[in-house]
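The values are calculated or read from the model by the stated rules, or taken from the named source; none is laboratory data. Only a predicted model underlies this, so the values are computations on that prediction, with no experimental measurement involved. For neighbour counting, all protein chains shown are included, and Cβ atoms are generated from backbone atoms with ideal geometry for every residue, glycine included.
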Amino acid sequence: MTDGFRKAWTEMVQPLFRRPPELQVAALCCRKGENGTEVLMITSRDTGRWVMPKGWLMDGKNAAEAACEEAWEEAGVKTANVSEAPVGVYHYEKRLDDGYVAPVEVQVYRVDVETLLDTYPESSERARLWLDPETAANRVDEPSLKELLLQL
């Protein structure tokens with residue numbers, strides 16, 4: 001392949017076939033621990049890897065409210081103060097039911113946890129753990145999420 005053709009292919013043709021990223025929201029659940037800030041991490045239902053509570057936007061809720069709803073459903077966060085603006089974003093690829101891999105941009109909202117319940121909608125499907133930001137960063141797969149956690 002010539003350099004000119006390769007450049008035209010990668011800069012002009014390939015982008016035409018890419019879908020724009022889907023949008024999700026995540027809750028960066030925080031509390032003050034003995035040694036500083038701790039973040040609440042949960043396991044994903046499919047692979048068991050460590051993630052933050054996250055999901056799709058919801059009708060009737062803004063993005064921050066949807067992040068809080070995900071924190072309740074997936075981690076048991078009952079009451080919290082949430083940032084109205086995202087504190088960061090990260091990207092990953094989500095394998096959909098039809099086998100297609102969709103690029104996803106995740107807007108992250110800081111959620112300062114006041115009340116955490118042991119019984120919540122997905123309590124039997126996930127593990128959860130409070131970790132210092134550095135340990136949490138070492139357990140996640142997404143590089144941009146690692147960076148976000150290390151900024152705490």
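Counting only residues that are exposed (fewer than 11 other Cβ atoms within 10 Å of the Cβ), under 22 Å from Leu149 (Cα atoms) and either in contact with a helix residue (DSSP H, G or I) (Cβ under 7 Å, 6 or more places away or on another chain) or in contact (Cβ under 8 Å) with a residue 40 or more places away in the chain (or both), how many does segment 99-127 have? Counting residues in segment 99-127 that are exposed (fewer than 11 other Cβ atoms within 10 Å of the Cβ), under 22 Å from Leu149 (Cα atoms) and either in contact with a helix residue (DSSP H, G or I) (Cβ under 7 Å, 6 or more places away or on another chain) or in contact (Cβ under 8 Å) with a residue 40 or more places away in the chain (or both) gives 1. Looking only at residues in segment 37-53 that are touching a helix residue (DSSP H, G or I) at 6+ places or on another chain (Cβ under 6 Å) and assigned to a strand (DSSP E or B), which one is surrounded by the fewest Cβ atoms within 10 Å (Cβ to Cβ)? Ranking the qualifying residues of segment 37-53, first place goes to Trp50. All conditions but one from (1) within 16 Å of the chain's Cα centre (by Cα); (2) at pLDDT 95 or above; (3) of a type in the set (A, V, I, L, M, F, W, C) apply to Leu117; the one that does not is (1).
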